[in-house]
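These notes are about the structure you will find just below.
The values are calculated or read from the model by the stated rules, or taken from the named source; none is laboratory data. Everything numeric in this text was worked out from a predicted model, so none of it was measured. Glycine also receives a Cβ, built like all others from the backbone with ideal geometry; neighbour counts cover every protein chain displayed.
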Amino acid sequence: MKYYKEILIIEAIIFIAIWIANEYLATLLTFIFIPLFTAILAVSLIAEKIERSKISKNYFYLMAGLALIPLLIFLFISVVNGGSSFDWAKQ
């Protein structure tokens with residue numbers, strides 16, 4: 001897994017573009033991806049503790065990054081908007 005940094009950068013760019021284009025879709029994807037990648041990371045770490053494998057640490061960094069990047073972008077957008085606006089929910 002030698003391109004994990006590039007994967008994280010691409011994810012960040014895509015998430016920012018989605019946030020700019022469609023706030024509803026971005027919120028939905030954020031609320032899906034964070035628990036999903038966190039659960040995958042947790043299961044992977046538990047399995048790694050039970051029985052060692054040849055998976056590199058970069059895999060775990062990738063899973064943590066895939067969960068953290070949407071969270072950080074969500075928090076940044078919330079701060080920029082002066083709190084979570086969720087204007088799409090009022091319509």
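Condition test on E23, is it in contact with a Phe, Trp or Tyr (Cβ under 7 Å, 6 or more places away or on another chain), acidic (D, E) and surrounded by 13 or more Cβ atoms within 10 Å (Cβ to Cβ)?
Numbers: in contact with a Phe, Trp or Tyr (Cβ under 7 Å, 6 or more places away or on another chain): yes; acidic (D, E): yes; surrounded by 13 or more Cβ atoms within 10 Å (Cβ to Cβ): yes.
Taking the combined requirement at face value, the residue satisfies it.
Only one of the numbered conditions (1) at pLDDT below 95; (2) in contact with a Leu (Cβ under 9 Å, 6 or more places away or on another chain) is not met by I40, and that is (1).
Every residue in the stretch 43-67 that is small (G, A, S) and exposed (fewer than 13 other Cβ atoms within 10 Å of the Cβ), please. Spell out the reasoning first.
From the stretch 43-67, those small (G, A, S) are 44, 47, 53, 56, 64-65, 67; that's our starting set.
Within the stretch 43-67, A47, S53, S56 qualify.
Among the numbered conditions (1) modelled with pLDDT of 95 or more; (2) surrounded by 13 or more Cβ atoms within 10 Å (Cβ to Cβ), the only one that L28 does not meet is (1).
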